[in-house]
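Everything below concerns the one structure shown next.
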Amino acid sequence: MSVYFFINDIHNVGSITVKQALHIGQNFSQYVIKKDDAEYEEFLKEKLSSFECILLGIEKKSARGFELSYDNNTKTYEVRILSFSSVDDYLAAFDYIKKLCSFLGCTETITDDNESYTINNLQTYPYKENIKHELAAVYSKLLKSSNNDAYFEFQGIHRKVTINVDLLENVIINAENVVEKFSTFVTGLQYINAYEARQKFYENDEGTIIGIYAITETVPTILPFNPSVESENQDMVTDDNIAEWIINLVVINGNPEDESSYENLGQINYQEFINRLPKEKYGFIDARYICVKGLNREEIENLLK
């Protein structure tokens with residue numbers, strides 16, 4: 001379950017802006033809009049109360065981050081620590097709460113269970129027990145599932161994380177320190193140095209819908225081992241609509257900075273691609289996704305033979 005911490009605006013400071021929220025955090029980043037977005041500067045000027053929440057975290061440390069919001073009706077700031085957060089997610093949220101309390105001139109925060117913590121004892125909150133409980137609950141749920149391929153998925157600060165019974169048993173549950181192992185695992189997934197391929201769809205002349213991924217020469221790429229329609233695309237297409245999944249294999253002829261250098265060398269059925277891909281060229285990063293090492297042109301050509 002998510003955990004909520006409420007900080008009363010006792011001095012009626014009102015809703016701060018996103019820019020102020022980042023200034024208070026000092027080393028925190030926001031994960032709502034990219035800095036190169038045309039609307040970034042305007043976004044910084046907006047008050048927190050203009051949004052349901054914003055997502056904050058510390059780059060290279062946070063796995064899920066935490067949500068910050070302001071309620072104009074109750075004059076309260078709210079920090080929400082998401083379920084399946086890492087140790088560093090909790091510690092980052094605690095650090096931010098302390099800084100926010102200092103800015104607001106208060107020393108106390110109240111949880112959604114109506115428990116009171118001060119800035120001096122906030123880290124006594126039993127967050128490690130929370131993590132253990134959440135892992136045990138999802139493990140039990142997956143064990144009871146009649147679907148042998150059942151998995152549980154949640155969104156990290158940069159990418160989704162997918163866990164199943166095998167991963168929990170072999171990687172996390174039986175570790176000497178379950179909490180630390182889980183935290184290291186989920187955080188590491190957010191910062192893999194690889195391109196995450198995005199699925200696309202097209203309808204051919206016969207009205208058949210094809211699902212497509214692409215791999216580019218020399219580029220390490222994250223792909224699903226068995227493709228299916230991602231949740232963000234299910235409003236426009238379902239797995240039942242997909243006649244075939246394929247992979248476009250792209251090579252670079254010239255300067256990688258020049259878009260005209262990229263050539264689609266050919267297509268291959270997705271499952272056939274997986275079957276032909278040498279085992280040493282990829283590895284699972286979680287229950288559903290693999291990371292394919294950068295393939296050279298010869299390796300790409302061999303896949304098409």
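Of all residues in the range 8-48, those that are in contact (Cβ under 8 Å) with a residue 40 or more places away in the chain, out of contact with any Leu (no Cβ under 6 Å at 6 or more places or on another chain) and among the aromatic types (F, W, Y) total 0.
Within the range 97-107, restricting attention to residues that are touching a residue at least 24 places away in the same chain (Cβ under 8 Å) and out of contact with any Gly (no Cβ under 9 Å at 6 or more places or on another chain), the residue that is surrounded by the most Cβ atoms within 10 Å (Cβ to Cβ) is I97. The test for being of a type in the set (A, V, I, L, M) and either assigned to a loop (DSSP other than H, G, I, E, B) or surrounded by fewer than 13 Cβ atoms within 10 Å (Cβ to Cβ) (or both) does not hold for A214.
In the range 214-229, the residues that are on the phi < 0 side of the Ramachandran plot and in contact (Cβ under 8 Å) with a residue 60 or more places away in the chain form Cβ pairs under 8 Å with partners that are of a type in the set (S, T, N, Q) and buried (at least 20 other Cβ atoms within 10 Å of the Cβ), at six or more places apart or across chains, as follows: I215/T221.
Count, please, the residues in the range 16-55 that happen to be in a loop (DSSP other than H, G, I, E, B) and closer than 19 Å to A93 by Cβ. Of the residues in the range 16-55, 9 are in a loop (DSSP other than H, G, I, E, B) and closer than 19 Å to A93 by Cβ. For the range 250-305, a tally of residues being within 30 Å of F182 (Cβ to Cβ) and out of contact with any Lys or Arg (no Cβ under 7 Å at 6 or more places or on another chain) returns 14.
Looking at S183, is it closer than 25 Å to I97 by Cβ, in a helix (DSSP H, G or I) and outside the structural domain of L56 (by TED's automatic domain parsing)? Taking the combined requirement at face value, the residue satisfies it.
Summed over the range 224-251, the residues that are surrounded by 15 or more Cβ atoms within 10 Å (Cβ to Cβ) and under 18 Å from L304 (Cα atoms) give a count of 7. Could you list, ordered by first residue, the pairs with Cβ atoms under 6 Å in which the first is in the range 195-209 and on the phi < 0 side of the Ramachandran plot and the second is part of a strand (DSSP E or B) and of a type in the set (D, E, K, R), at least 6 apart or interchain? Cβ pairs passing all conditions: I209/E203.
Within the range 280-305, being among the polar types (S, T, N, Q) and in contact (Cβ under 8 Å) with a residue 40 or more places away in the chain holds for one residue alone: N296. Scanning the range 51-86 for residues that are of a type in the set (D, E) and farther than 20 Å from L122 by Cα, which turns out nearest to the chain's Cα centre (by Cα)? Ranking the qualifying residues of the range 51-86, first place goes to E59.
I need the full set of residues from the range 111-161 which are in contact (Cβ under 8 Å) with a residue 60 or more places away in the chain, polar (S, T, N, Q) and more than 28 Å from L223 (Cα to Cα), in order please. Listed by number, the residues that qualify are T111, N130. The residue of the range 1-15 that is nearest to the chain's Cα centre (by Cα), among those that are in a strand (DSSP E or B) and within 22 Å of S86 (Cβ to Cβ), is V3. Every listed requirement among (1) buried (at least 18 other Cβ atoms within 10 Å of the Cβ); (2) in a helix (DSSP H, G or I) is met by V79 save one, (2). Evaluate the following for A136: is it part of a helix (DSSP H, G or I), assigned by TED's automatic domain parsing to the domain that holds D9, of a type in the set (A, V, I, L, M) and under 23 Å from A63 (Cα atoms)? No. Taking the range 252-301 as the search range and keeping residues that are among the hydroxyl-bearing types (S, T, Y) and part of a helix (DSSP H, G or I), which one is surrounded by the most Cβ atoms within 10 Å (Cβ to Cβ)? Filtering the range 252-301 for residues that are among the hydroxyl-bearing types (S, T, Y) and part of a helix (DSSP H, G or I), the one surrounded by the most Cβ atoms within 10 Å (Cβ to Cβ) comes out as Y270. Restricted to the range 58-76, and to residues there that are crowded, with 23+ Cβ neighbours inside 10 Å and of a type in the set (A, V, I, L, M), the residue that is farthest from Q20 (Cα to Cα) is A63.
Each residue in the range 49-96 was checked for being closer than 19 Å to D9 by Cβ, touching a Leu at 6+ places or on another chain (Cβ under 9 Å), in contact (Cβ under 8 Å) with a residue 40 or more places away in the chain and not basic (K, R), and 8 pass.
The values are calculated or read from the model by the stated rules, or taken from the named source; none is laboratory data. Note that the structure is predicted; figures quoted are calculated from it, not measured. No Cβ is skipped: glycine too gets one built from the backbone with ideal geometry, and neighbour counts run over all protein chains shown.
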